[in-house]
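Just so you know, all these numbers are worked out from the coordinates, no wet-lab data involved. Quick caveat, the model's predicted, so the values are computed rather than measured. Reconstructed Cβ throughout: ideal geometry from the backbone, glycine too, with neighbour counts over all protein chains shown.
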Amino acid sequence: MQFSKSTDYALHALIHLARSERGDNIGIKELASMLGVSESYLSKIMSKLRQDGIVRAVPGVNGGYELARPPEQITFLEVIQVIEGRQRLFECSNMDSPQHRLLAEENAAGPAQDEPGECLVKKVMDGAEEHLHQYLREHTIQSVLDAASHKSSLGANKK
C-alpha cells in the first residue's frame, strides 16, 4: 500500500496553514512554492480539501487558504480519505477457488461458525485496515505540530 504524492502535499499544506499566524491565510503561489509543487496541481488538491470542509478559500487580492477547523480536529485519516478515496484496501478475489472452498469447509467444521463463504484472508486484512484507520484517526495536524514543538524544545535544552 502506498499513498499518492497528493496526500503528501495535502498533509504538508495543512501543516503550513496550521503554523500560519491566526487570521493569516496563505496564497496558493506561496504555498506551492513552500511545497515545491506547481500551483495548478496544488490547486486541485486544495479544491478537494475545500469541498470536504477542511480548508476555506479566502477571496480577494490578499486571499488564499486557511484551515476551516482547528488543527486538532483534522485527522490524518480524514485527509487521506478525501485525497485517496474511501475504498477498502483489500477485496477477496479468490472466493471461487478450490483453496478458498477448502478453507471455508475447514472453518465451518471448527467451533466458530462464521458466515458461509466468508473470505478468511479478507477477515485478516479488514482487521489490519481497521488498526491502520484507528492509528490515523488518533493523529491530527495538531499532533504533528506538537511533536515538532516537543522535539524542538528538547534540542534547545541540550545546548
## Note on the structure
Going residue by residue through the range 81-91, the Karplus relation 6.51 cos²θ - 1.76 cosθ + 1.60 with θ = phi - 60° gives ³J(HN,Hα) values, rounded to whole Hz and with x marking Gly or Pro, of 5, 5, 7, 8, x, 10, 6, 5, 7, 9, 10
### Query
Roughly what would the spin-label model give for H133 and H12, points 7 Å off Cα along C-beta, in nm?
2.9
## Note on the structure
Stretched fully, the stretch from R19 through Y41 gains (0.36 nm per residue minus C-alpha distance, one decimal, in nm) 5.7 nm
### Task
Highest first, please rank the peptides 7-15, 142-150 by the mean number of other Cβ atoms sitting within 10 Å of their residues.
7-15, 142-150
